[in-house]
Structures are given as C-alpha cells and as structure tokens.
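The values are calculated or read from the model by the stated rules, or taken from the named source; none is laboratory data. Just so you know, these numbers come straight off a predicted model, no measurement behind them. For neighbour counting, all protein chains shown are included, and Cβ atoms are generated from backbone atoms with ideal geometry for every residue, glycine included. Heavy atoms of the whole protein, side chains included, go into the accessibility calculation; ligands, DNA and RNA do not. Shrake-Rupley method; radii C 1.70, N 1.55, O 1.52, S 1.80 Å.
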Amino acid sequence: MKPAERFIKEKLDERKSAGNFRALKQQTNLVDFCSNDYLGFARSAVLKEKIDQETKRSGIISNGSTGSRLLTGNSDFAEELERHLASLYQCEAGLIFNSGYDANIGLFSALPRRGDTIITDELIHASIIDGARLSYANRYIFTHNDPGSLEEKLKHAKGNCYVAIESVYSMDGDSPAIADILDLTEKHGANLIVDEAHAVGLYGSGLVDEAIEDRIFARVVTFGKALGCHGAVVLGSGLLKDYLVNFARPFIYTTAPSFHQLASIKMAFELLAESSGKVESLKDNITLFRQNIKLADEYPLTDSSSAIQCILLKSNEKAKSLAAKLQTAGLDVRPILSPTVPAGTERIRICLHAFNTPGEIFLLTNTINNFINAS
C-alpha cells in the first residue's frame, strides 16, 4: 500500500471506530422528515410547468452556459435576474453563485484581508468557516446568539471587521436577535453579514426586517432549500458586486449557471409569492409537532420555531438508534453525529414540510416519545 493510501485508510478507520463514518445514502420511499424541501418546491409539478413555460417564452436553446461569466457564460437573462433579486431584497445589487457554499467561500475569502477581523457565531455554517480560513484575517468566535460575548470579541477587532451570523441556524433551527447584533456591530464600526439560507420560505424572502435591511453589509440567500432549485445570490452594494466579480475566485474560475438553473430560480421566486397557503401549512405542522412531542429533560428539543427541529441525544449511538427506529416506522429521519456537531450534542435533525400530513406527524412524535420513555 502506498503511503498516501495508508494515510487515507487510517483516517477512514478512525472514523469507523468512532462510529461517525459518513457514507452516501440512497433516496428512499420513506416519509420525508429529512430534506430541506420545506415548501415542497423540489417536487412541485407547478414549479416544473412554470420553468418549462419560461424556457419556451425566452426562446433560449442552451444546455449549458459554455464558460465563466467573465468569458462566454454571461447573459442578459442572468443580469436581469440579478437586478430582479436586488429589487426584491431592496438593495443595490446581487451576484449569483453556483451554490450557497460557493457564495460564502467567495465572499469570505475575497473580502477580509490579512490584518482584518472576522467574528462568527460558534454555530456558523462550515462554508463560512472555510471561507474565513482562506482570507488570512484574524478570526474570533462568539458564544451562540450571545450579544455580550460578541461585544467582547468586537473590542479586540482590528482592521475592517466583519460579523457573520445565520438568520436560522442549520443545526439548531433557532434565530438570533438580528437587530440587536446589528446595533452592536455598528457601535464598533463593524459590518454585518447575514446568511438567510434556512429562513427563506417559512419567513417569506427572509428574516432581515425591511426597517434594517439597508444597514446590513451583505446577505447570502440560497436557492437549494425552500426554493427547491440550486444556487445562491450575494446581495449588497453595487461596489461589493464589482469587487466580487473581480476577486471572488469561486465566481471567476467556474462555469456559470446554465439557463435552466437561472430560469428555475426566477420561477421559484414567482411561485413563492403565490404560496401563502403552503407557508401556513408549514407553520401548522411545526406547531403540531411541538405540541405533541413529550421529551425527558435529559434529551431536550432545541428552542426553534423554524422547520428545523432537533432532539439532542448526546451520543452517536443513541442518535443512530433513534434514527433507525424512525426509519423502521417508515419515516426518513437521519442522525447528526459528531464531528459534524460537537461531541455531546449529537442529535436527530427533523425537517418539517408543508406537505407532511397530520397522520405522519403523529406517527413521528409517537415513535420518538415511545423511544425516549423506554430509554
């Protein structure tokens, strides 16, 4: 065995022995309590028809974009879509990236420089962490949703300072006091960046209030969750957009989104504006779940009003055991294991959807309650 292969095998064996080996999962016919398809757009025949109609209306015949947007991959359609999204979010400009991960890597690796400061919530998404690492800026972490902890870090900031939060956290489902955090960042001359990935849908176009949106330095809105398609947009000033076009490597050195991807984004936002009934169904399902779950204090439910509901089981084995029990009952729920989350916070992560039925939710809560009571 070559030294490189030996290293690979050793690292994989470590994961297996720790019980947190990751493997690709096949899609199942189980009831979906796992995906980020909160409003059901990814499976929507209505959205598919809208996309088909937009494709026919445009007259564009293109299977791929053919190159980077700085070469042959740009289009009037892409630029018009960015202007539309900027108008929707009441900001100067937007720049579309191929994914939310690409958007955060591009933004956080290009914008802060050596000598600057990035301060992130301790539960921030991995894409922001990875982007910050590539920036060579000073990096600080503050206690989750704790303005006091944030202010302590702000006192030590040097250079241009950027504070990064999520409006709905992907692994806990809770939300910060965005206005309070914004006040703190402005008090210390810092810039606030908000990732809205998991807020869009349940909370309309996001959780950033209209009263403060012009004070937010940048927002990242992704299209692969409630909108049921793929990609992301960084929203901010026209100056920020021009900067990212020139310095964000994940934007510069990649093939641009295809026309079909862009048409899907445009039509998903159109469908979102028509989907108040689905949003209400999702809210009802969240309430129904939380009313019927009965847990021991030892295994708490996270404090979340979003579609993401997590039960902390505090060990990989117990999380895997409950997930297996739910899958046997016909429900697709997956365990979230360390090191994806810190040791001691292992959990099952439940995603509720507008299309889940009351009967499915009762089966879910009853199965969980029985497992916890027997533990």
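Some values worked out for this structure:
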{"read-out": "Under-5 Å amide H pairs with residue 227, H placed in peptide plane, nonlocal only", "value": "none"}
{"read-out": "Highest average packing first - 3-10, 355-362, Cβ atoms within 10 Å", "value": "355-362, 3-10"}
{"read-out": "Whole-Hz couplings from phi, Karplus 6.51/-1.76/1.60, listed for segment 218-234; x for Gly and Pro", "value": "7, 10, 10, 10, 9, 10, x, 9, 5, 7, x, 10, 7, x, 7, 10, 9"}
{"read-out": "Accessible area of the chain belonging to carbon and sulfur atoms, whole % at 1.4 Å probe", "value": "51 percent"}
{"read-out": "Over the chain: helical MRE at 222 nm, DSSP H runs n ≥ 4 each giving -39500 (n - 2.57), nearest 500", "value": "-13000 deg cm²/dmol"}
{"read-out": "Cα-based reach from residue 16 at 18 Å (exclusive), listing lysines while leaving out same-chain residues under 8 positions away", "value": "25, 318, 320"}
{"read-out": "Per-residue HN-Hα couplings for segment 43-60 [Karplus 6.51, -1.76, 1.60; θ = phi - 60°; Hz; x = Gly/Pro]", "value": "10, 7, 5, 5, 5, 4, 5, 4, 5, 4, 5, 5, 5, 5, 4, 6, x, 7"}
{"read-out": "Karplus-derived HN-Hα couplings along segment 128-138 (A = 6.51, B = -1.76, C = 1.60, θ = phi - 60°), whole Hz, x at Gly and Pro", "value": "6, 4, 5, x, 4, 4, 6, 7, 6, 6, 5"}
{"read-out": "The chain - percent relative contact order, Cα under 8 Å, separation 6 or more", "value": "23 percent"}
{"read-out": "Listed residue (251, 165, 78) projecting farthest to the positive dipole end of the chain, Cβ model", "value": "251"}
{"read-out": "Accessible area of the chain divided out per residue, in Å², using a probe of 1.4 angstrom", "value": "48 Å²"}
{"read-out": "Three-way shape call for the chain based on the alpha-carbon gyration tensor, with the a/c threshold at 1.5", "value": "rounded"}
{"read-out": "Long-range HN-HN contacts of residue 166 with modeled amide H, under 5 Å", "value": "195"}
{"read-out": "Unsatisfied cross-links (Cα-Cα over 30 Å) in the set 225/294; 48/283; 11/241; 283/314", "value": "11/241"}
{"read-out": "Other-chain or far-sequence residues with amide H under 5 Å of residue 350's (modelled H)", "value": "309, 310, 311"}
